[in-house]
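To keep things clear, I will list the structure first and then write my remarks on it.
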Amino acid sequence: MTTTDPSTTAREPQGKRRLGDLLFAGSAKGSGILILLILAGVAAFLIGQSFDSLSANTANFFTTKEWDANTRDAPAFGVAALAFGTVLAAATALVIATPIAVGIALFIVYYAPRRLASILGYVVDLLAAIPSVVYGLWGIGWLVKQLGPFYTSLEQYLGWIPMFAGPVSTTGRTMLSASIVLAVMILPIITAMSRDVFQQVPQAHREASLALGATRWEMIRMAVIPFGRPGIIGGAMLGLGRALGETMAVAMILSPQLVISWMVLQSGNQTIAAHIALQYPEATGYGVSALISAGLVLFAITLVVNMGARFIVARRKEFA
Amino acid sequence: MTTTTKGSATEMPGDGPPPSQKSLLTGSLPRYAAPALLAATAALAAGVLLAFGALGIAQFAVFTVIAYAVVISIASRVVENRRQATDRLVTTIVYACFGLAMVPLVSLLWTVLSEGLARLDLYFLTVSMNGVTPSMDAGGVYHAIVGTIAITGLAAVISIPIGLLTSIYLVEYGQGRLKQAITFFVDVMTGIPSIVAGLFVVALWMMIFGPGKTNGAAGAIALSVLMIPVVVRSCEEMLRLVPNELREASYALGVPKWLTVVKVVLPTAIAGITTGVMLALARVIGETAPLILTAGSSAVAINWNLFNGQMMSLPVFIYSQVRMGGAINYERAWAAALALIVVVMLLFFLARLVSRFFAPNLSR
């Protein structure tokens, strides 16, 4: 309170110190610090509780695929398969969602009539507000049944690509189904972010390219996309962060198996988040502690992705 | 359908003599070309699919869009030029993207509505699952509604003061390193996976109360970890919108800073703050994963006590019913999903209404 920052131009006049001011400023600052403490606490408690099982683990935590932790003697578990599944599911979702999201954002900003565009903005926000468990229910109760024939023909015509090799799972509870639902869930995030940057493209840039005789697509390619690229990348990475940590859609749809497999049309693979949700109710022995160490890995992955996204977005703000 | 910008339909003239035989408007498809071609390709798609006996909505839509994209590109290439053809192709793709994105939204709302209405009635909303054996055609979500209200309520009571005070600190008081650190870590906190928030409370509870202790308060704390950053973000944005002139006028009248914040800044921004808080509530009310870990997933009886025993909530109810997997379980899950979506949408639209009708007029 007593320090005067030389960078602030208007120096605060030294007035009477009031109790109310001190209390209010103190509690405001206190809750700010509390947030930092909570975040530090999240990291500290996860590390503290995972230590227990990690030191008892008889296998290499990072290279083992099996999860044999619900015991008191010689637990052997690792996150290799889980981490692979997490990244595979999120990356597939991102590949599906990003082009469509950019398309929707372009539609809302440059193609749709003005009135329709504002309604569509609401609809996108609404999609983001639907709880993930409802997406999961929709996925398992409706979508997987519709996808069955699609998968069969995908395997029939594209089966020579190793990823789409058969035999196709008969239930449709595959990695690809989970990824499609994840894609639907991150679509609004990427769309909202891209839409925001597209709206900020200077009108002069767009009019200049149109005045030079550019078609609408040429205007978008030459004026809008270069300006909006950091926003698209930042939005995609935020979406990736969400997809990495998403639990319910995967836990409800995928029929899990602790393997490392690229075959997205067969049942198998598992993500960290879904594994924790499914295993936790039955965890005994070192089980809970082992799940916490898996959560720590997930926390680290999402932290890196999110900080990268924020960095890209913040840098754009500085230059814009 | 759309009409592309007509003025740019010709090629850019070079320095040499202009292609005199071309007027500005020749060499462009007539306005009715796009809808006419679309209708034609739709008819073609229906015909071909009928001939092969494979007529379904999905196949029809995909076939039509692809056929239309090909036909319009070729037509534009022949009549207009390559650049116009590309533009028309991209226009088709962008419209298709939009149409594709509407599929999940419409189908999700439609399935939840049609499947959920079958079971969602007063009985379902007012009884719990206590004493309901798996095969019984009975039971409801009252205990889950109770849990959702109690847990989300406590989460709101924890998060709103902390979030609001932090945003006040960031906007009115903060400076230097601490402000930067808080801004940055609030952003980081927004990205914490919900299951990790749940694990955090599990670890915390294990340290304090020993293993295996689940209750509603634990769930509320996990939800707070997810809710606080959202509240901070939205309140901060709203406080920044309050014009500085209002603060300066208040200081000029000799009002202390804290009273200026409480009596001038907050009332001006209250509509936006309310909206932000409601949207944050709408987000955490559907959170499932942290509650499975902290409040338990097997409670069947009504429990108002946040500090003792497992507590069911609407999202966890949906999840645990799906895990059981019988037909009756799915019926219950759909009905509960409908109830949950109605609550979320109510919060969502109320928030929009508040921000529209109670926002102060800052235009002058």
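The values are calculated or read from the model by the stated rules, or taken from the named source; none is laboratory data. Because the structure is predicted, anything quoted here is derived from the model rather than measured. So basically every Cβ, Gly included, is an ideal-geometry build from the backbone, and we count neighbours across all protein chains shown. Accessible surface is based on the protein model in full, side chains and every heavy atom, while ligands, DNA and RNA are left aside. Shrake-Rupley method; radii C 1.70, N 1.55, O 1.52, S 1.80 Å.
Brief remarks follow.
- The angle between the Cα long axis of helix B:176-190 and the main principal axis of chain B comes to about 80°, on a 0 to 90 degree scale.
- About the Cα centre, charge dipole magnitude for region A:76-319 (Lys/Arg +1, Asp/Glu -1 at Cβ), debye: 600 debye
- Peptides A:272-280, B:344-352, B:157-165, B:28-36 ranked from most to least packed by the mean count of surrounding Cβ atoms within 10 Å: A:272-280, B:157-165, B:344-352, B:28-36.
- The orientation-averaged projected area of the convex hull spanned by the Cα atoms of region B:101-220 comes to 12.6 nm².
- Neighbouring Cβ atoms from other chains, within 10 Å of the Cβ of residues in B:112-125, number 1 on average.
- Heavy-atom surface of region A:97-235, accessible at 1.4 Å and reported per residue (Å²): 41 Å²
- Counts of other chain beta carbons within 10 angstrom of each beta carbon in peptide B:280-292 average 4.
- Both the radius of gyration and Dmax for the protein assembly as shown are 27.8, 91 Å, in that order, over alpha-carbon atoms.
- Loss of accessible area when A meets B, both sides summed, Å² nearest 100, probe 1.4 Å: 7500 Å²
- Measuring nothing but protein heavy atoms, the accessible surface of the protein assembly as shown at 1.4 Å probe radius is 66 percent carbon and sulfur.
- Across region A:215-315, the volume of the C-alpha convex hull divided among the residues equals 136 Å³ per residue.
- Residues B:Lys179, A:Lys65, ordered by accessible area of protein heavy atoms at a 1.4 angstrom probe radius and largest first, appear as A:Lys65, B:Lys179.
- Average other protein chain Cβ within 10 Å of Cβ, residues B:156-165: 2
- Burial ranking of peptide ranges A:129-137, A:218-226, B:138-146, B:244-252 (average Cβ count within 10 Å, highest at the top): A:129-137, B:138-146, A:218-226, B:244-252
- For chain A, the calculated P(r) over all alpha carbon pairs, in 20 Å bins from 0 to the bin holding the longest distance, is 25, 47, 25, 4, 0 percent.
- For region B:194-337: Kirkwood Rh in Å [reciprocal of mean 1/r, alpha carbons]: 17.8 Å
- Long pairs among B:Lys179/B:Lys213; A:Lys145/B:Lys213; A:Lys16/B:Lys179; A:Lys29/B:Lys263; B:Lys179/B:Lys263, criterion Cα-Cα beyond 28 Å: B:Lys179/B:Lys213; A:Lys145/B:Lys213
- Protection proxy ranking of B:232-238, A:309-315 - average other beta-carbon atoms within 10 Å, highest first: B:232-238, A:309-315
- Anisotropy class of region B:29-117 from Cα gyration tensor, a/c 1.5 cut: oblate
- Phi to ³J(HN,Hα) by Karplus 6.51 cos²θ - 1.76 cosθ + 1.60 over region B:260-268, Hz, x for Gly, Pro: 4, 5, 6, 9, 10, 5, 4, x, 5
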